[in-house]
Amino acid sequence: MRYAPCIDASHVVLTDVHKTYGHGAGAVHALRGVSLAFEPGRFHAILGPSGSGKSTLLHLAAGLDGPSAGTVTLLGRQTGPLDDDELARLRRRSVGFVFQFFNLVPTLTVAENALLPVLLDRRVTPADRTRLDELPAAMELSHKKDRLPEDLSGGERQRAAIVRAMLPAPPLLLADEPTGSLDSATGALITSLLRAQASEHGVCLIVVTHDPRVAEQADEVIRLRDGVVVARESNGSAR
Amino acid sequence: MARYLLLLRWLLLRPWRRNPVRQCLTVLSIGLGVALFLATELTMGAVEEAVQAGQKALAAGADLTVSCGSAGLTAEELGKLRQRPEFAAVAGSVQAQARRTDGDGQLTLLGVEPAQVARILGLDASAGAGSDLDLGQLALDPRALVLTREGLLENGVQRGAELTLLTARGRLVFIVAGVVDAPPAVRQALKACAFLPLAAAQRHFGRQGKVDRVDLKLALGVDPSDGKAAARACVTSGASIATPAERTDDQLAALSGLRAMLVLESLLALLVALFFIYNTVAAAVADRTRDAGLLRCLGLTRGGLRALLLGEAACAGLLGLCVGTGLGFVLGRVALKIMVTTVGILYLQLPPIDSVRFHGAELLAAAAMSIGLSVVAATLASRSLTQKGALEFLRPVLTGTLQVRGLRRAAWLGVALLAVAVGLAALWPRPSALPIGRVVALTLPAGIGLLAPYLVVQVVGWLRFRLGPRASVPLLMALDATRTHPTRTAMTVTAFALSLGLVIGHGGVGNSMTTTLQSWLRRAIPGDVILGASFASAVPTFPIDSAVLEPLRALPGVVDIVRLRGVRVALGDRYVMCLAIDLAAAKTRSDHHYVAGERDDAVRRCVAGEAVIVAENLAYKVGLRLGDKIPIPAADGTVQLEVAGIIRDYNSPLGTVYMDYEVYRRLFHDSLIDFGELCLTDAAKQDLAAFWPLLAKALPEQYHDMLHASAKEEFISGAIAAVEDLNSLSFVQIVLASLIGSVGIMVTVTLSVLARRRELALLRAVGMDVRGLRRTVLFEVAGLAAAAAIVGLVIGNLVFVPANLVFREFAGFQFDYVFPAWHCVLALVVAGLTAVLSAVVPLRRVQRMSVLEAVEE
């Protein structure tokens, strides 16, 4: 089933979302009544200390997990009623992922890694091939398209991960600590490349980070503590 | 599909290059299992084809064949058959074995009517088109003999040349009067056959007025059952009348026990392979958990992940099939020689077989097995991976979680299987039409194999907490590694134990067989020197005239001579061995164990021609008891003889009927013998070296080339060697199964240690030295090997019970248990060596491990 075009201005909407792991006395309340909307073309940064619920929020937004209570609407569809395979299809057509440790498949070249999400969904089209030329060029990776991840530096690996996330042209791009394992200069470059995806291509970008320098680049900063949104700051007010 | 194949290549097959050793070993495990199965099928297939081709060639398009064992059919019976309107053609033949004087080549001499030669060879009788055959000469010249073109090459002679052959009647000189082109279908079968005129054959082999078999061609429109009835009216009641297919079935049935045993062993080897395929696939799956999680995050569905993993397993199975097919062909060729010799000694003479041939069905079965087993193993191994949600891959893995629920279920299944095995073995009434022995042979080891791992994990867990802080850290780490990965431990222990159990079990069964047979032969053989008409071995090739023995009675040191003749006779719808022996002479010098009946009375009645003694295996199979009457098809009609005794006997898997030699001679009009046994004085026994020249001098010169004399112990060794040849064939299977086991344990231990790189690195980080790490690995490997060895010892020794049941089902034999001490030692050495070898690679890796890199993984 193909994903229906967005019917709402927000790509991801969380309404009174609760997420609890475990039962009884040992239960962990990762999110408590979170309501948020993430809009296209904007860079949303989620900040908070460890255990605040950042990653849980990202997983819910990606359709990797379901809420214990409340609703998550991803590109106009509630994720709750979808089964595992439907969620997988939704993810591969609509969500791009960038991880802290890159998670490139070590036996595939940069170009093959980039094509992987497309191949999981459908045949590679000429449009995909064009993007496979354009995106690495934009990331300054054209000369390393046929290299294996082990031949790349940390920054190059993360740029390759961004190419992979963006090749299917997803409306939603999620990044979990994308600069966490990079030096500050490379981190700044990666942040600007991610930001460009939101501002230039209209992608809804959600980045979970500890790094205030990443948050400075965001259009909106959401601060979480103990599973609750404690602050939402827009543009310059976050800096 | 193209997309799927591309993903399969990218994501699963390309990583093979990163672990070539592991992949090669997985493929080798599958390949060895397939090779064993194929080798068995190919070898037995070649033997069965040879039997069928031989029958087809000799049947020469006949619809029915009439025979009456060594008694033969008379000219009068032949004449009656010829007068029946139901038969369009009636052809009698005489058959004898011979050997060239200048080599080992053996020939089957077929005395036939010239027209029958043409029919056998598919020639036009009037023209002999395409062949160099003069039917006229063949009919007239008593020395004339015809060979096929292949036979000519085989025997290295030309048309018109003389061919001297050693036969039951001594040395005979023939002339190659013709050469024929045999049709391709029977070319191989007829390579070792020579044809000569019937009348000449009757004269040469003392069969005047008799034929060994009569082939009948039914008249147009006559039903085979009517033809059988018509033939039955013409011949003695003891004669066997069968279609060529029925005759073939009878011979194939005799081989079914052998086939079942070999197939059972190859299936057990495949079972061992299955465990290791599971283990290697499970390790590969564990290796790829991270990649699988990534793919699931990127949108791969559960079904898609499962399809990729099963596709990879199918590829491994396909490669295993290729390796196994090649290995199986080589093994099959090697095994064929042993099989032909052994089958020839134990069951029936086979026509020459050059090679094994693949058939579609065998390859299909092998493909289904290799790919099927791999896919089954992969399905089981990847079940947990494919059932996980995408997010579960991103969460940290809780190590050390003991998941014994599956093991407990397996243990209960094991208990149930053991109960079935014990119940069937102890309580099921026998003989039974159901294959109880084979069911027990599979359920007993499988039951122990399923129960043992649970017990091992429980014992390790008990030890772990019992030892507590008193034990060294490496020992505790090793115990934890074994305990906290129960599935891996279970699979490794079970598979290794099964392969060791096979070695021990095979040794136990082999030892029991040879010990029982040796002891029986020593008690049963009355003579001190055994004479047989054989060219090379103690097993006779053809019978000789009993008159040969007469001059030997006067030899100094000879107290008595026991004549012995063994022929196959039809007993109802089955063939049995009829053993004619001088019972009175044998009685005082042999010590048969009487299961029923009293020795003196039984022998007296046999000598009087009133009764027979039957072997226990025949009594078991047919349900005979003392006092029952059995119909013996003699030359002048069927004679009813009473069972006067039942003795423990291992002469023939067909079952044996003992009768007095003089009674046999009278009933069958046959004065040939297969063996002459000379009973010597103590002094002569002590000085056999002096006896041999005297014996050689006393024997007629014409028999010098073919009579084989051996001392009793030498003869027993020869007979045991034949059994050991058969054992060696299945031992090859067992050795390969153990090889699979050893390879498998090496792979799994290596993977198990490598999978704990991070854990081991953490130990290094908190201060454990390399020596400590080494000891951890060694303790783990030694523990697994010890557990497998213990379970293997139990399985190996208990497997004698179902093996004995299988022997009972097929041959009616029962053997006495003998502890396989040497095989146990061998299994323990193999376990130790495997443990040491298994530790080499992981130890090297662990020693070279970078602590920081491993912790960061």
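The values are calculated or read from the model by the stated rules, or taken from the named source; none is laboratory data. Because the structure is a prediction, the values reported are computed rather than measured. Here Cβ is always computed from backbone atoms with ideal geometry, including for glycine, and neighbour counts include all displayed protein chains.
Figures for the structure shown
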read-out	value
Criterion (over 25 Å from the mean Cα position of the chain (by Cα), over 15 Å from B:Tyr661 (Cβ atoms) and surrounded by 16 or more Cβ atoms within 10 Å (Cβ to Cβ)) met by exactly one of B:Leu583, B:Leu552	B:Leu552
Top-ranked residue of segment B:92-109 - restricted to ones that are of a type in the set (A, V, I, L, M) and at pLDDT 85 or above, ranked as farthest from B:Val214 (Cα to Cα)	B:Leu109
From B:Leu391, B:Leu350, B:Leu346, residue being at pLDDT below 75 and in contact with a His (Cβ under 6 Å, 6 or more places away or on another chain)	B:Leu391
Top-ranked residue in segment A:119-137 [being touching a residue at least 24 places away in the same chain (Cβ under 8 Å) and of a type in the set (A, V, I, L, M, F, W, C); ranked as nearest to the other protein chains (Cβ to nearest Cβ)]	A:Leu120
Residue within segment B:459-470 that is buried (at least 19 other Cβ atoms within 10 Å of the Cβ) and touching a helix residue (DSSP H, G or I) at 6+ places or on another chain (Cβ under 9 Å) present	yes
Selected residue (criterion: nearest to the other protein chains (Cβ to nearest Cβ)) from residues of segment A:103-113 that are buried (at least 23 other Cβ atoms within 10 Å of the Cβ) and either touching a residue at least 60 places away in the same chain (Cβ under 8 Å) or aliphatic (A, V, I, L, M) (or both)	A:Leu104
Inter-residue pairs, beta-carbon under 7 Å, first farther than 10 Å from A:Thr73 by Cβ and in segment A:12-27, second of a type in the set (D, E, K, R) and surrounded by 13 or more Cβ atoms within 10 Å (Cβ to Cβ), 6+ apart	A:His18/A:Arg32
Residue in segment B:425-438 that is buried (at least 18 other Cβ atoms within 10 Å of the Cβ) and either farther than 30 Å from B:Tyr620 by Cα or without any contact (Cβ under 8 Å) to a residue 12 or more places away in the chain (or both) present	no
Residue identified as at the interface with another protein chain (Cβ under 9 Å from one of its Cβ atoms) and crowded, with 23+ Cβ neighbours inside 10 Å among A:Leu60, A:Leu116, A:Leu31, A:Leu90	A:Leu116
Complete set of residues in segment B:292-323 that are in a helix (DSSP H, G or I), within 13 Å of chain A (Cβ to nearest Cβ) and aliphatic (A, V, I, L, M)	B:Ala292, B:Leu294, B:Leu295, B:Leu305, B:Ala307, B:Leu308
Subset of segment A:181-216 that is crowded, with 21+ Cβ neighbours inside 10 Å and in a loop (DSSP other than H, G, I, E, B) - its residue that is modelled with the lowest pLDDT	A:Leu182
Breaking point among (1) touching a Gly at 6+ places or on another chain (Cβ under 8 Å); (2) surrounded by fewer than 22 Cβ atoms within 10 Å (Cβ to Cβ); (3) more than 10 Å from chain B (Cβ to nearest Cβ), for A:Ser68	(1)
Restricting segment B:14-53 to residues that are buried (at least 17 other Cβ atoms within 10 Å of the Cβ) and within 14 Å of chain A (Cβ to nearest Cβ), the residue that is modelled with the highest pLDDT	B:Gln23
Residue within segment B:396-411 that is within 14 Å of chain A (Cβ to nearest Cβ), at pLDDT below 70 and either farther than 30 Å from B:Tyr620 by Cα or within 27 Å of the chain's Cα centre (by Cα) (or both) present	yes
Residue tally, condition more than 33 Å from the chain's Cα centre (by Cα) and either surrounded by 19 or more Cβ atoms within 10 Å (Cβ to Cβ) or at pLDDT 80 or above (or both), over segment B:172-193	9
